[in-house]
Structures are given as structure tokens and as C-alpha cells.
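The values are calculated or read from the model by the stated rules, or taken from the named source; none is laboratory data. It should be emphasised that the depicted structure is a prediction, and the values quoted were computed from it without experimental measurement. Methodologically, a virtual Cβ is constructed for each residue, glycine included, from the backbone with ideal geometry; neighbour enumeration extends over all protein chains shown.
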Amino acid sequence: MPTEALPYTCTFCGCLCDDLEIRAEGGRVVEAVGACGRERPYLIGIETTPGPPPPCRLDGVETTAEEAVRAAARILADAKAPLVVGLGRATNEAARQAIALADRIGAAIEVGDAASAWPRVVAMQRSGSIGATLGEVKARADVVVFWGCDPATTHPRHFERYSRVGRDGRRAIVLDAGETATSRLADAFLAVDPERELDLLLTLRALVREVPLDPHRVEAATGHGLAALQDLAETLQGARYGAWFMGASAGRGSIELAEARRQAVTALVRDLARKTRFVSIGLGEAGNAHGVEGVLAWQTGFTPGADLGAGFPESWPGESSASDRLARGLFDAALVVGGPAPAIPVGKPWIFLGDADDEASARATAALPAGAPGIDDSGTFTRVDGVSLPVRALRPSRTPGAAEWLARLNEALGGATS
């Protein structure tokens with residue numbers, strides 16, 4: 001049987017590698033050319049010929065798609081304080097439909113794990129950001145900083161595709177709480193006490209701004225000698241083009257402290273950019289949280305969450321969010337788009353829209369099976385640098401995708417609320 005070769009965009013991590021080639025024989029993936037060691041075992045063996053479609057469920061009992069959609073629409077139409085959550089792996093097209101649905105029913109909507117996203121977004125809103133495409137970093141950067149992240153482990157092809165550590169005379173610097181696989185490959189490593197991290201960032205900024213500092217106070221505040229930090233500041237300022245990469249763990253701690261750290265990085269990069277070209281970029285997480293955040297910001301003016309209950313968008317970071325209301329039980333219905341599904345209190349009706357094999361399908365009041373983007377569903381994802389990429393299905397879908405299910409719910413709500 002001839003081998004079938006398919007172009008493929010990987011969604012396993014934030015790199016969104018779009019240069020893979022999937023080879024299938026006999027209705028099964030036999031090779032994933034270009035895939036990293038984390039993604040390749042997941043792809044090999046996937047059947048490219050779809051099996052029978054999984055059923056919709058109401059209270060765990062199989063039912064028709066029409067009945068499940070009607071029941072789900074009735075749940076949402078009757079709700080006074082609904083939530084729309086999940087969406088971390090949804091396509092941009094599904095995100096648009098989810099936001100339209102949240103607007104129609106007056107729901108609070110939030111993307112993925114907002115605990116790490118809120119500090120990043122609030123810091124950007126208050127301090128701005130200086131960014132670039134990953135292609136620009138790949139072509140121009142000669143100094144690369146990794147702050148609170150370990151791409152050698154979490155984003156295996158980041159070095160190869162974007163940061164190009166160890167190539168073209170590029171210098172890599174790691175700032176983290178302890179040694180990592182990335183720090184062992186870097187040219188310089190600075191161990192950072194999480195309790196002193198903000199002081200260290202502010203000290204670096206002061207050095208870049210040429211503020212006189214007392215060596216004893218610097219060492220007491222940061223745990224590092226002034227000379228070592230001066231060397232680091234000079235390396236950063238001496239870059240022809242510098243790139244500061246950060247991961248989700250860079251926002252660790254309380255929302256206030258995490259936000260302060262993020263703002264300190266933004267201010268430091270801004271000061272560096274006054275002397276040379278310097279940018280800051282996140283590593284990006286698996287799935288499409290960054291893309292959905294962008295769609296939400298475009299549609300409502302807020303991200304990664306918004307409350308549409310008042311008839312117009314509102315946002316209360318650190319005070320009230322969809323995940324906070326979910327945890328406290330302050331809702332009367334929920335729509336969960338994609339897994340893993342959160343714990344829903346008994347007695348609260350909720351709808352699960354995702355993988356039929358997820359245990360949430362049996363727990364949900366109404367379960368609508370949706371194909372996974374990149375396996376059963378196609379659409380658009382947005383990389384962390386704002387570049388949108390097509391995500392192609394490996395096989396014909398057995399079920400509607402999330403965008404189609406949400407469109408059906410929107411249509412049904414037109415009748416349910418009339």
C-alpha cells in the first residue's frame with residue numbers, strides 16, 4: 001500500500017511547528033518527520049481512517065445530536081449566571097462562536113488556566129510590551145535570555161527553530177530558581193531566589209539606567225554580588241539584538257507579586273530597547289490559549305476573561321473571574337469547551353463539548369463529542385508571537401468540530417430564548 005504524506009502543524013507545545021510531515025500506511029500513522037521526541041510517540045499509530053461516530057449524551061445516556069443540542073440550549077437559556085470556560089485548545093473559529101454564545105446568554109467567559117495568564121495580561125495592559133515575531137528573533141538575535149522557563153524540556157524544538165542556542169555565536173543566559181536542562185546548555189546561568197526575584201529584576205533595571213547602587217544593599221536584596229549583576233547588565237546592553245523569553249512559571253506567586261515581576265521585566269526590556277534592539281516574548285503553551293485570548297480581546301476589549309452579564313463587557317482581574325466563580329459555586333450553569341473538565345458541584349447543570357473518551361462525557365448533564373484540532377478538526381491557531389497558522393486534521397472527522405457545535409447551540413438559543 002502506498003505511503004500517504006501530509007503536511008502537519010503540531011499543537012503539542014507553544015512552538016506550533018508547522019514543518020512536520022505525517023506519513024501514513026494502511027490507515028495508520030507510521031512516521032512523523034520533523035517531530036520532536038515528545039510529540040512523535042503521540043502521533044505514531046494514530047488511525048487515519050475514522051471509526052463510528054461517538055454518541056451524544058444526556059445525563060450519561062446516549063441520545064441524538066438534535067435532542068442533546070436542544071437540551072443544552074435550554075440549560076443555557078434558563079441560566080441567570082452562566083459560565084463559559086475551557087477553550088485552551090479551541091481553534092480561533094471556535095473561540096468566535098463561544099464568545100458570541102457568551103454574549104447572547106450574558107455569561108462570564110474565561111480562557112484556559114487564567115491563574116498564570118492574568119498577571120501577564122494585566123502587566124501588559126499597564127506597562128505595554130515590546131515584541132517581535134519568532135522569525136525575526138531567529139534571524140537577528142545574538143543574546144537570548146530564558147527567564148523562569150526550561151524550553152529544552154518543555155519546547156524541544158525551540159532551540160532549533162527560533163532561539164537557535166549555540167549557533168551563529170549566539171549567547172544564551174538563563175535566570176531560574178535552579179539548574180535545568182536549558183541552563184546546562186546555556187553560556188551563563190544565574191540562580192534566582194524566588195523570594196528575591198523582583199529585587200533582582202529591579203536591580204538590573206537600575207544598572208541599565210546607570211543608577212549608583214550600594215554593593216552591600218544589592219547583595220542583601222538579591223543574593224548576588226554587584227559585580228556579577230553589572231556583568232549581566234553589560235551583556236544585555238551590549239547585544240545587537242536581544243530576546244527575553246519567559247514561560248508560565250515566570251508569573252508564579254500571588255497575582256500581585258506575579259504582576260509586579262512581569263511589569264519589572266517589561267520595564268527592563270523597555271530600558272534595554274532604548275540602548276539597543278531588545279524584545280520580550282512568551283514561550284507559549286500547548287494548544288491555542290494565546291489565539292483564543294486574542295479573539296476575546298478583539299471581540300470584548302478584555303482578555304483572558306470577560307463578564308458579559310451586564311449586557312456589555314466587564315473585567316475584574318484579581319477580584320472576580322469565571323474560574324473564581326466556578327470554584328466558589330457562584331453560577332447556575334456552565335459550558336466547558338475542551339478538557340480536562342473542572343470539578344462541577346453536584347446539582348449544577350453543565351455541558352461538556354470535547355473528546356467523547358473524556359470521563360467528563362459521562363459526568364456532564366449534556367455531552368457533545370467534538371473532534372480534537374489537529375486530529376479530527378481543522379482551523380486556525382495563533383502562535384505566541386501573533387502569527388496565525390492553519391491546523392489540519394489528520395483524518396476525516398467522526399463528529400462536528402467545536403466551532404460547528406457552538407454554531408448549532410447559538411442557532412438553537414435563538415429559539416430557546418424567544
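Starting from residues that are of a type in the set (Asp, Glu) and outside any helix (DSSP H, G or I), keep the ones in region 141-166 and report whichever is nearest to the chain's Cα centre (by Cα).
Among residues in region 141-166 that are of a type in the set (Asp, Glu) and outside any helix (DSSP H, G or I), the one nearest to the chain's Cα centre (by Cα) is 150.
Can you pull out every residue in region 335-361 that is among the small types (Gly, Ala, Ser), outside any loop (DSSP other than H, G, I, E, B), touching a residue at least 60 places away in the same chain (Cβ under 8 Å) and out of contact with any Lys or Arg (no Cβ under 7 Å at 6 or more places or on another chain)?
354
Can you name every one of the helices (runs of 4 or more DSSP H) wholly within region 193-290 that holds 3 or more residues which are free of Cβ contacts under 8 Å to residues at least 40 places away in the same chain?
On the way: elements: 197-208, 215-222, 226-237, 255-273.
The qualifying helices (runs of 4 or more DSSP H) are 197-208, 215-222, 226-237.
Answer yes or no as to whether residue 389 is of a type in the set (A, V, I, L, M, F, W, C), more than 16 Å from the chain's Cα centre (by Cα) and either surrounded by 16 or more Cβ atoms within 10 Å (Cβ to Cβ) or at pLDDT 90 or above (or both).
no
Which residues, counting only those in region 189-217, are touching a strand residue (DSSP E or B) at 6+ places or on another chain (Cβ under 6 Å) and either loosely packed, with under 15 Cβ neighbours inside 10 Å or at pLDDT 95 or above (or both)?
So in region 189-217, the residues touching a strand residue (DSSP E or B) at 6+ places or on another chain (Cβ under 6 Å) come out as 189-190, 192.
Across region 189-217, the qualifying residues are 189, 190.
What is the one condition in (1) closer than 21 Å to residue 148 by Cα; (2) in contact with a Lys or Arg (Cβ under 7 Å, 6 or more places away or on another chain) that residue 295 does not satisfy?
(1)
Please work out which residue is modelled with the lowest pLDDT, limiting yourself to region 32-57 and to residues that are within 21 Å of residue 5 (Cβ to Cβ) and assigned to a strand (DSSP E or B).
In this case the residue turns out to be 47.
Considering only residues of region 24-57 that are surrounded by 15 or more Cβ atoms within 10 Å (Cβ to Cβ) and basic (Lys, Arg), which is farthest from residue 161 (Cα to Cα)?
Per the criteria, the residue is 57.
Return yes or no: is residue 377 buried (at least 20 other Cβ atoms within 10 Å of the Cβ), farther than 26 Å from residue 24 by Cβ and charged (D, E, K, R)?
no
crowded, with 21+ Cβ neighbours inside 10 Å, modelled with pLDDT of 90 or more, closer than 29 Å to residue 215 by Cα and not charged (D, E, K, R): does that describe residue 272?
Yes: the conditions hold for residue 272.
Which one of the conditions (1) surrounded by fewer than 23 Cβ atoms within 10 Å (Cβ to Cβ); (2) at pLDDT 90 or above; (3) more than 20 Å from the chain's Cα centre (by Cα); (4) over 30 Å from residue 333 (Cβ atoms) does residue 169 fail to meet, given that it meets all the rest?
With respect to (1) surrounded by fewer than 23 Cβ atoms within 10 Å (Cβ to Cβ); (2) at pLDDT 90 or above; (3) more than 20 Å from the chain's Cα centre (by Cα); (4) over 30 Å from residue 333 (Cβ atoms), residue 169 is out only on (2).
I'm told residue 71 meets every condition in (1) modelled with pLDDT of 95 or more; (2) buried (at least 24 other Cβ atoms within 10 Å of the Cβ); (3) of a type outside the set (Val, Ile, Thr) except one. Can you identify the failing condition by its number?
Against the list (1) modelled with pLDDT of 95 or more; (2) buried (at least 24 other Cβ atoms within 10 Å of the Cβ); (3) of a type outside the set (Val, Ile, Thr), residue 71 comes up short only on (2).
Within region 118-152, which residues are among the hydrophobic types (A, V, I, L, M, F, W, C) and out of contact with any helix residue (DSSP H, G or I) (no Cβ under 9 Å at 6 or more places or on another chain)? Before the answer, list the steps.
Within region 118-152, the subset among the hydrophobic types (A, V, I, L, M, F, W, C) is 118, 121-124, 130, 132, 134, 137, 139, 141, 143-147, 149, 152.
If the condition is that a residue be among the hydrophobic types (A, V, I, L, M, F, W, C) and out of contact with any helix residue (DSSP H, G or I) (no Cβ under 9 Å at 6 or more places or on another chain), then 139 is the only one that fits.
Exactly one condition in (1) among the aliphatic types (A, V, I, L, M); (2) surrounded by fewer than 21 Cβ atoms within 10 Å (Cβ to Cβ); (3) under 25 Å from residue 130 (Cβ atoms) is false for residue 236; which is it?
It is condition (2) that residue 236 fails.
If a residue has to be crowded, with 17+ Cβ neighbours inside 10 Å, more than 21 Å from residue 315 (Cβ to Cβ) and of a type in the set (A, V, I, L, M, F, W, C) to count, how many in region 90-139 make the cut?
4
Which residue pairs have Cβ atoms closer than 7 Å, lie 6 or more positions apart in sequence or on different chains, and pair a first residue in region 163-188 that is small (Gly, Ala, Ser) with a second residue that is surrounded by fewer than 13 Cβ atoms within 10 Å (Cβ to Cβ)?
Close Cβ pairs satisfying both conditions: 181/153.
Residues checked against (1) crowded, with 20+ Cβ neighbours inside 10 Å; (2) in contact with a Gly (Cβ under 8 Å, 6 or more places away or on another chain):
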residue	(1), (2)
293	yes, no
298	no, no
301	no, no
306	yes, no
311	no, yes
316	no, no
321	yes, yes
324	no, no
337	yes, yes
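Determine, yes or no, whether residue 366 is surrounded by fewer than 19 Cβ atoms within 10 Å (Cβ to Cβ) and small (Gly, Ala, Ser).
In short, no.
Testing residue 310 on (1) farther than 22 Å from residue 136 by Cβ; (2) modelled with pLDDT of 90 or more; (3) touching a strand residue (DSSP E or B) at 6+ places or on another chain (Cβ under 6 Å), one condition comes back false. Which one is that?
With (1) farther than 22 Å from residue 136 by Cβ; (2) modelled with pLDDT of 90 or more; (3) touching a strand residue (DSSP E or B) at 6+ places or on another chain (Cβ under 6 Å) applied to residue 310, the lone miss is (3).
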